[in-house]
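Each remark here refers to the structure printed beneath this line.
The values are calculated or read from the model by the stated rules, or taken from the named source; none is laboratory data. These numbers come from a predicted model, not from an experiment. FYI the Cβ positions are ideal-geometry reconstructions off the backbone, even for glycines, and counts take in every protein chain you see. Side chains are part of the model used for accessible areas, which takes the heavy atoms of the whole protein and leaves out ligands, DNA and RNA. Shrake-Rupley method; radii C 1.70, N 1.55, O 1.52, S 1.80 Å.
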Amino acid sequence: MSMHVARRPGGAGGRTASVDAALFRRTMGLLPTGVTVVTAGSGGTTEAVTASSVTSISLDPPLVMVSVGATGRLRGAIEEAGGFAVNVLGEDQAELSAVFAGRDRPRGERAQERLGGRIGDGGHALLAGAVFSLECRTEHVYPGGDHVLFLGRVGAVHAAEEVRRPLIHHQGGYAVLGSLPAQAGA
């Protein structure tokens, strides 16, 4: 097995190494991730963006982390709303992922309508037909390079009645899972 190590000379011994950004992006693309649309607000204040940097952090209390662009519209919307929703897309929602990935993505009423018009108890637009949605209140905010990390306390979980396969992003494109695992208690 061949392995390419990208580091600048002098990167060892406690000094910070600089890694080629294109190589880092390609390498991280080897890690499959779920695809979500993170939303903040509703109605005229709805902001939504496709994100794959979503992680479960804690069960007690229930916490998730989302990573959003430091200079993007969603950052300000989350800060203003005091929270956000994470909507996990199903494998049949790739087109919706593309809609909310672009800089010209819809916002306000158009975004809420495109998501299906649902609003959660926390005041955030929820995706109709999502594998599941989490409504979160912001607990902590951390700088993360060109992104900002929002740690949110989950206040509500909305899961589809029928288990569906999530949309997966891998190596710059969409991939599908094989068969779903047997459910506990089934």
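In debye to the nearest 20, how big a dipole does region 70-157 give about its Cα centre with +1 on each Lys and Arg Cβ and -1 on each Asp and Glu Cβ? Could you put the intermediate results ahead of the total?
On the way: 10 positive and 12 negative charges, 37 e Å.
That gives region 70-157 a dipole magnitude of about 180 debye.
Over the chain, what is the mean sequence separation of C-alpha contacts under 8 Å (at least six apart), divided by residue count, expressed as relative contact order in percent?
Over the chain, the number comes to 24 percent.
Over the Cα atoms of region 71-186, Rg to Rh with Kirkwood Rh, two decimal places? Mind showing how you got there, number by number?
Working: Rg = 15.3 Å, Rh = 15.7 Å.
Taking Rh as the inverse mean 1/r over Cα pairs, Rg/Rh reads 0.97.
Just to verify a number: FRET efficiency for I57 and D104, C-beta to C-beta distance, R0 = 35 Å, to 0.05?
With R0 = 35 Å, the Cβ-Cβ based efficiency is 0.65.
I'd like the carbon and sulfur percentage of the solvent accessible area for the chain, probe radius 1.4 Å, heavy atoms only, ligands and nucleic acids excluded.
Working: 5960 of 11150 Å².
Ligands and nucleic acids excluded, carbon and sulfur reach 53 percent.
Relative contact order for region 31-79 using alpha-carbon pairs under 8 Å, separation at least 6, rounded to a whole percent?
Computed value for region 31-79: 32 percent relative contact order.
Hey, if you put +1 on the Cβ of every Lys and Arg and -1 on every Asp and Glu Cβ in the chain, which of G122, G34, G83 ends up farthest toward the positive end of that dipole?
Value: G34.
Measuring from label point to label point, each 7 Å out along Cα→Cβ, what is the H140 to R73 span in nm?
Each label point lies 7 Å from its Cα, and together they span 3.0 nm.
If you put +1 on each Lys and Arg Cβ and -1 on each Asp and Glu Cβ, how big is the dipole of the chain around its Cα centre, in Debye rounded to 20?
720
How charged is the neighbourhood of T46? Take every other residue with its Cβ under 10 Å from the Cβ of T46, and add Lys/Arg as +1 and Asp/Glu as -1.
Here the count lands on 0.
Mean residue ellipticity at 222 nm from the helices of the chain, using -39,500 (n - 2.57) per DSSP H segment of n ≥ 4 over the full residue count, to the nearest 500 deg cm²/dmol?
That calculation yields -4500 deg cm²/dmol at 222 nm.
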